[in-house]
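Here, each number is a calculation from the coordinates, and none is a lab measurement. Quantities reported herein were computed from a predicted structural model and do not represent experimental measurements. Note that each Cβ is placed from the backbone with ideal geometry, even for glycine, and that neighbours are counted across all protein chains shown.
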Amino acid sequence: MRSLSLDFRSLVIALFSIFLGATGQFLFRVGMLQYGRVTFQNIWRQLLGIVFTPAIFAGFICFGISSILWLVVISKWELSYAYPMVALGYVLAIFYGTLFLHESVNLPKILGSLLILIGISVLGLFGHPNNF
């Protein structure tokens, strides 16, 4: 029973880490919409201005916390089991983009999201080393 609660706790930490990572990406996009377009040639001159754009700075904070939490997860789970779950971030990014940035939803995005969810479900049910 104890190992199941530890696995559940790790799952919650993993999901929160993934949520923060996707939120960081969303905030990066919001910040870049505020900041404007950047070219590869100009990014180094503009880097401080970009980083200190409030939404981008918040995105870095989300990524930092996400990374620290992810260390907890991969200290307990095999990387080949844990890392595919990061794909949930793609599904969240589509959700964020659609809901908050009014990006289009099309059949490839829907089908891709469903395939990601199916793949993660298969790994969750059959891929864990302990088969919880």
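A few remarks follow.
- Between H102 and W44, the contour length at 0.36 nm per residue exceeds the alpha carbon distance by 17.9 nm.
- Percent RCO, i.e. relative contact order, over the range 17-132, from Cα pairs under 8 Å lying at least 6 residues apart: 32
- A simple packing score, the average count of other Cβ atoms within 10 Å per residue, orders the peptides 116-126, 35-45, 18-28, 54-64 as 18-28, 54-64, 116-126, 35-45, with the highest score first.
- Among the helices of the chain, those built from whole DSSP H runs whose Cα atoms reach 24 Å or more along their own axis and whose mean Kyte-Doolittle hydropathy is at least -1.0 are 2-35, 54-76.
- For S75, S17, order by how many other beta-carbon atoms lie within 10 Å, fewest first: S75, S17
- Recomputing Cα extents along the principal axes in Å from the coordinates shown identifies the correct label among (i) 52, 31, 20; (ii) 53, 35, 24; (iii) 103, 29, 14 as (ii).
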